[in-house]
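Shown next, in structure tokens, is the structure this report addresses.
The values are calculated or read from the model by the stated rules, or taken from the named source; none is laboratory data. This is a predicted model, so every value here is computed, not measured. Cβ placement follows ideal geometry from the backbone for every residue including glycine, while neighbour counts extend to all protein chains displayed.
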Amino acid sequence: MKKVGIITVHRLPNWGSVMQGYALQKVIEKLGYNCECVDYIYPNEWHISKGCWSPQHISLKNKIARFLGFRPPLLSSLVDEFIKNEMNVSRCYRSYDEIHKNPPCYDIYVSGSDQIWNWKTMYMDTTYLLDFAPKKSRIISYSSSFSVNTIPAEYRSIYINCLKRYDAISVRENGGNVLVSDLLNTNAKVVLDPTLLLNKEDWKQLEIKANWKSRLPEKYILCYTLGYTYNPIPAMCKLLHSLQSKYNCPVIFIGRELPDYDGDVFRFERNQGIGVYEFLWLVSHATVFATSSFHGTAFSVNLGTPFLSLVEKKEQSDDRISSFLKDMGLIDHLVTVKTEFEHLKHDETYDVISSQKKLQKLRSQSLEWLQNALNGSYEEQKSLC
């Protein structure tokens, strides 16, 4: 059985990051391969030296409070626990030099999904472009994301030299295909995010492991807000007020609570952690989900949950959410910071059966591409470079 190694960002304190890594590994295993994630730590000292954020230091007082149950466990620790229980990972590589001097050995190397090709957030770490893979290795990408619409002139040659080694390239967004076409003069395949390769029943197997410290409300509006290049909080507060006037149920915040929100909020027990299992449960059972997160949007559609997705504007460089919703025929579920929330005309409900059929078609196409790329049936990339 051939061995496959995936390079991605799977240890971030972020539900979407770890779940996309998990999903791609599980799918490749289902296709008949021995698969693991390369446990390359991000951020490490190499990234921090270039200006990347540094993991927050936790004081002894906070550690004791969490141990005694006075505070919830950190998401990073819950992510680590999920990886330990559910994933296969390589030995740990804690630096850029370490993985390049002593790289892991696989039959096939895969650049995974998420924003691993974003020169802004990854600081041009070519590890994610598989430059550590031995020459003549089979290397492919699955659903890799640039999340930008331009490549600076000083980085173009780096991208070109790395990407032309790939046997097959797929990206997550239409904007990524435009960039690959510009760099290599050939198209990349636009495929689904790995989390969408697993269906609702697959994710249900994890959801049932949720551990709740107290009873949750039967109806609730789930809110997951991430800020990127804009501040989503004022618009999200207006959106939540509009939804609460319609549904008359409390809001449950995950990730972070919005400090300016003055509506009805359900708060967990102080020692309640929200790990992967709990995240899936909350999305699956929500009355409606309001989110500015790509993976929040993806899981809403995959699990059949009514939702609205907030973006700064419909046409922007980070087109992850809009690209996916256009492909799904659900672009009406997109709201912007300039939407008149007091007179909200968007309908958060949709035809779940029809959407699942469309998703299954896209899923089958993406799985077929991945299978062909892994077994060598897809050789378009090298033949055109």
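Find the helices (runs of 4 or more DSSP H) located wholly in the range 127-214 whose residues include 3 or more that are under 19 Å from the mean Cα position of the chain (by Cα), modelled with pLDDT of 95 or more and farther than 30 Å from residue 268 by Cβ, and list them.
none
Return the total of residues in the range 154-181 being of a type in the set (S, T, N, Q) and under 25 Å from residue 365 (Cβ atoms).
Count: 4.
Kindly check whether there is at least one residue in the range 310-319 that is free of Cβ contacts under 8 Å to residues at least 60 places away in the same chain, more than 19 Å from the chain's Cα centre (by Cα) and within 21 Å of residue 225 (Cβ to Cβ).
Yes, some residue in the range 310-319 is free of Cβ contacts under 8 Å to residues at least 60 places away in the same chain, more than 19 Å from the chain's Cα centre (by Cα) and within 21 Å of residue 225 (Cβ to Cβ).
Output the qualifying pairs, or none if there are none: Cβ atoms under 9 angstrom, residues six or more apart or on different chains, first residue in the range 39-52 and closer than 16 Å to residue 115 by Cβ, second residue assigned to a helix (DSSP H, G or I) and charged (D, E, K, R).
40/98
Tell me which of these residue 219 doesn't satisfy, since it passes every other one: (1) in the same structural domain as residue 10 (by TED's automatic domain parsing); (2) in contact with a helix residue (DSSP H, G or I) (Cβ under 9 Å, 6 or more places away or on another chain); (3) surrounded by fewer than 16 Cβ atoms within 10 Å (Cβ to Cβ).
Of everything listed in (1) in the same structural domain as residue 10 (by TED's automatic domain parsing); (2) in contact with a helix residue (DSSP H, G or I) (Cβ under 9 Å, 6 or more places away or on another chain); (3) surrounded by fewer than 16 Cβ atoms within 10 Å (Cβ to Cβ), residue 219 misses just condition (1).
Conditions tested, residue by residue: (1) surrounded by 16 or more Cβ atoms within 10 Å (Cβ to Cβ); (2) in contact (Cβ under 8 Å) with a residue 12 or more places away in the chain; (3) not assigned by TED's automatic domain parsing to the domain that holds residue 377.
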| site | (1), (2), (3) |
| --- | --- |
| 157 | no, no, no |
| 164 | no, yes, no |
| 180 | yes, yes, no |
| 191 | yes, yes, no |
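Please list, ordered by first then second residue, the pairs with beta carbon atoms under 6 Å, 6 or more apart or interchain, first in the range 82-102 and outside the structural domain of residue 7 (by TED's automatic domain parsing), second among the basic types (Lys, Arg) and surrounded by fewer than 15 Cβ atoms within 10 Å (Cβ to Cβ).
none
Listed residues 86, 36; which is in contact with a strand residue (DSSP E or B) (Cβ under 8 Å, 6 or more places away or on another chain), under 20 Å from residue 113 (Cα atoms) and modelled with pLDDT of 95 or more?
36
With respect to residue 309, is the statement that it is of a type in the set (Gly, Ala, Ser), closer than 20 Å to residue 223 by Cβ and not assigned by TED's automatic domain parsing to the domain that holds residue 144 true?
Yes.
Name, by its number, the condition in (1) exposed (fewer than 14 other Cβ atoms within 10 Å of the Cβ); (2) modelled with pLDDT under 95 that does not hold for residue 248.
Every condition holds for residue 248 apart from (2).
Looking at the structure I just gave you, is residue 288 more than 22 Å from residue 343 (Cβ to Cβ) and among the β-branched types (Val, Ile, Thr)?
Judged against the criteria, residue 288 is not a match.
Criterion first (assigned by TED's automatic domain parsing to the domain that holds residue 105 and at pLDDT 85 or above) does residue 57 satisfy it?
no
Would you list the strands (runs of 3 or more DSSP E) that sit entirely within the range 263-356 and hold 1 or more residues that are surrounded by 22 or more Cβ atoms within 10 Å (Cβ to Cβ) and not aliphatic (A, V, I, L, M)?
Counting at least 1 such residues, we get 288-291, 307-311.
Residues being within 25 Å of residue 276 (Cα to Cα) and touching a residue at least 40 places away in the same chain (Cβ under 8 Å): count how many of those fall in the range 209-253.
Counting residues in the range 209-253 that are within 25 Å of residue 276 (Cα to Cα) and touching a residue at least 40 places away in the same chain (Cβ under 8 Å) gives 21.
Return yes or no: is residue 257 part of a helix (DSSP H, G or I) and on the phi < 0 side of the Ramachandran plot?
For residue 257, the condition - part of a helix (DSSP H, G or I) and on the phi < 0 side of the Ramachandran plot - is not met.
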